[in-house]
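The values are calculated or read from the model by the stated rules, or taken from the named source; none is laboratory data. Just so we're clear, the structure is a prediction, and the values are computed from it rather than from any experiment. Methodologically, a virtual Cβ is constructed for each residue, glycine included, from the backbone with ideal geometry; neighbour enumeration extends over all protein chains shown.
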Amino acid sequence: MPHPSPGRPRRILLRSSWATANIGDVAHSPGAIGVLRALGEDVQVTLWPRRLEERERRMFAERQPWVRIVDGDLDAAGNPTTPELAEAWASADILVHGSAAGLVAGDDMRAWQETGRPYGFFGITYDPFGPETPSTLAQAAAQIEALPADYLSEKDRDLFAGAEFLYCRDSLTLAYLTRQQVTGPLLEWGPDATFAHDLLDEVAADALLTEHRLTHGEFLVAVPRSRFAPYHRIHGIPPTRSHHYRDAVNAAHDPADLEVLAGAITHWVRSTGTPVLVGPEMSYAVDLAADYFPRILPDDVAPHVRVLADYWDLPTATAVYARAAGVLTMDCHSPILATTVGTPSIYLRQPTETIKGRMYADLGVGETVVEIEAKDTPARLTGLLDEVAATRGSRPAERVVATHAAATERLAQMARTAVGRVETDGGAAADIGEAMSEVPVGGV
């Protein structure tokens, strides 16, 4: 295996940026890049995106201009299809799979495995059942425990076993892979890299507040979603049988699910007298929100609810979250974005979501996750919203700040480990990589 010469920058190829239709997915990459870059200018990070649009490319150019972005894919033989990717592939010391809902780039990682150079996983979920097996997080835990130790596919087992590090962003993933007896140098819990995202557009956020007549600290953000994202419509591709199935599930459950969100919005408006901004985490939710809000709200509540007509970008959304009293979301990454800016959040979880939602309990805030079909959901939402309202004059929220600090400290440890797996001709990079985690498995 080739080693970089002493004094030569350590070159990390980051496979990430899976989608731009979800601001949570957009945030994975700047978070990971930030913690890796924080180790020093001798760490060079090259981003190899799956999907990156012009808006997000401008974001990187303006906020992280030192990041090199290379486009391209691997052909059937595992060879890069563009000269820029070929150069990055040949010169990188390590390939890092970014935070994701699974092995999004599994084939790419297997092709890299053949090179003999190190690779690892930077905070992934690996759900053995997936969203088409609806469950609460408690049910998912029971299902995982009931699986035999040889349930994991051999090709994924081999890939994981060869990794220098495998960080699981939720303790259910960690429990599953541990029960499957995955071997490798390092299998630990490690949070989603979105916790390290820090790109805010303050000017755009202030303009948005002015446009929608919102006062800093005196409004709630509500984020709607369907049980399944309609990716065929998002990407303009012909629908498959699976897409039709998911559309049918959405048609059956959207009205009831959004009524739960509407009930919480109604309580907020009536109890605080302050407005609600309905905004999307995913692009399709702009139309979803327009279909339901303010139509399903009571007449006395509707005038206090503003609905975004456009899909906002990540820096604007995060800066608006920083100005909100709280964030109530049906999508899983908005609580992370809120946490990065010290704003309390509530995650209203649908049973078709993966086990990634366990990450909040791992960080000690599991009570902020509310299963949408639970009998006590309305009462729990009311209680949590009352807590947010009672403290809305003090931001950033102390407990949220502590949660963020724990996550980012752990991410810094993960970055040191990743870079420490790059060897030089003079030996292992012990000055960066020897610091190992003392964080207990599955939480902080």
Residue pairs qualifying under the 6 Å Cβ cut-off, at least six apart or on distinct chains, with the first in region 129-153 being on the phi < 0 side of the Ramachandran plot and the second being exposed (fewer than 14 other Cβ atoms within 10 Å of the Cβ) and not in a helix (DSSP H, G or I), are ALA149/GLN181
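Just to be sure before I move on: is ALA229 in contact (Cβ under 8 Å) with a residue 24 or more places away in the chain and touching a helix residue (DSSP H, G or I) at 6+ places or on another chain (Cβ under 7 Å) in the structure I sent?
On the way: in contact (Cβ under 8 Å) with a residue 24 or more places away in the chain: yes; touching a helix residue (DSSP H, G or I) at 6+ places or on another chain (Cβ under 7 Å): no.
The answer is no for ALA229.
Which of the following residues is touching a Lys or Arg at 6+ places or on another chain (Cβ under 9 Å), among the acidic types (Asp, Glu) and free of Cβ contacts under 8 Å to residues at least 40 places away in the same chain: ASP75, ASP42? Outline the logic, then answer.
On the way: ASP75 fails: touching a Lys or Arg at 6+ places or on another chain (Cβ under 9 Å).
Exactly one residue qualifies, and that residue is ASP42.
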Per the filter on region 293-303, residues in a helix (DSSP H, G or I) and either farther than 13 Å from HIS212 by Cβ or of a type in the set (A, V, I, L, M) (or both) are ALA302
Exception for ARG392 within (1) basic (Lys, Arg); (2) over 17 Å from the mean Cα position of the chain (by Cα); (3) farther than 19 Å from THR266 by Cα falls at (3)
Taking first residues from region 56-70 that are over 17 Å from LEU200 (Cβ atoms) and without any contact (Cβ under 8 Å) to a residue 24 or more places away in the chain and second residues anywhere that are hydrophobic (A, V, I, L, M, F, W, C) and part of a loop (DSSP other than H, G, I, E, B), the pairs with Cβ under 9 Å that are 6 or more apart or on different chains are ILE69/LEU52
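Rundown of residues vs (1) in contact with a Lys or Arg (Cβ under 9 Å, 6 or more places away or on another chain); (2) closer than 25 Å to THR210 by Cβ, yes/no style:
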position: GLY263; (1), (2): no, no
position: MET282; (1), (2): yes, no
position: ASP291; (1), (2): no, no
position: ASP310; (1), (2): no, yes
Within region 147-176, restricting to residues that are among the aliphatic types (A, V, I, L, M) and under 20 Å from ALA418 (Cα atoms), the one that is surrounded by the fewest Cβ atoms within 10 Å (Cβ to Cβ) is ALA161
Contact list, first residue from region 18-35 and at negative phi, second anywhere and in a helix (DSSP H, G or I) and surrounded by fewer than 24 Cβ atoms within 10 Å (Cβ to Cβ), beta-carbon distance below 6 Å, six or more apart or interchain, is THR20/GLU56; ALA21/ILE234; VAL26/GLU56; VAL35/ALA412
Residue count, region 222-242, condition small (Gly, Ala, Ser), in a loop (DSSP other than H, G, I, E, B) and surrounded by fewer than 20 Cβ atoms within 10 Å (Cβ to Cβ), comes to 1
Flagged in region 243-281 as surrounded by 21 or more Cβ atoms within 10 Å (Cβ to Cβ), out of contact with any Phe, Trp or Tyr (no Cβ under 9 Å at 6 or more places or on another chain) and not in a helix (DSSP H, G or I), in numbering order, are GLU281
Log entry, pairs with first residue in region 113-126 being more than 16 Å from LYS155 (Cα to Cα) and modelled with pLDDT of 95 or more, second being among the basic types (Lys, Arg) and part of a loop (DSSP other than H, G, I, E, B), beta carbons closer than 7 Å, six or more apart or on different chains, reads PRO118/ARG421; GLY123/ARG169; ILE124/ARG169; THR125/ARG169
The condition of being surrounded by 23 or more Cβ atoms within 10 Å (Cβ to Cβ), at pLDDT 95 or above and touching a Phe, Trp or Tyr at 6+ places or on another chain (Cβ under 9 Å) holds, among VAL327, VAL369, only for VAL327
Scanning region 269-304 residue by residue, those within 26 Å of ALA27 (Cβ to Cβ) and among the charged types (D, E, K, R) turn out to be GLU281, ASP287
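Per-residue answers, yes or no, for (1) more than 24 Å from PRO30 (Cβ to Cβ); (2) among the charged types (D, E, K, R); (3) over 25 Å from the mean Cα position of the chain (by Cα); (4) outside any strand (DSSP E or B):
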{"position": "ARG306", "(1), (2), (3), (4)": "yes, yes, yes, no"}
{"position": "THR318", "(1), (2), (3), (4)": "no, no, no, yes"}
{"position": "VAL327", "(1), (2), (3), (4)": "no, no, no, no"}
{"position": "LEU337", "(1), (2), (3), (4)": "no, no, no, yes"}
Those residues of region 126-146 that are surrounded by 14 or more Cβ atoms within 10 Å (Cβ to Cβ), of a type in the set (Gly, Ala, Ser) and part of a helix (DSSP H, G or I) come to a total of 2
Residue hits (region 107-123; aromatic (Phe, Trp, Tyr) and either over 26 Å from LYS356 (Cα atoms) or more than 21 Å from the chain's Cα centre (by Cα) (or both)) are TRP112
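Quick test for you: out of ALA402, ALA407, pick the one residue that is surrounded by 22 or more Cβ atoms within 10 Å (Cβ to Cβ), in a helix (DSSP H, G or I) and of a type in the set (Gly, Ala, Ser).
Values: ALA402 fails: surrounded by 22 or more Cβ atoms within 10 Å (Cβ to Cβ).
Of the residues listed, the single one that is surrounded by 22 or more Cβ atoms within 10 Å (Cβ to Cβ), in a helix (DSSP H, G or I) and of a type in the set (Gly, Ala, Ser) is ALA407.
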Note on region 190-216: residues of a type in the set (Val, Ile, Thr) and without any contact (Cβ under 8 Å) to a residue 60 or more places away in the chain are VAL203, THR210, THR215
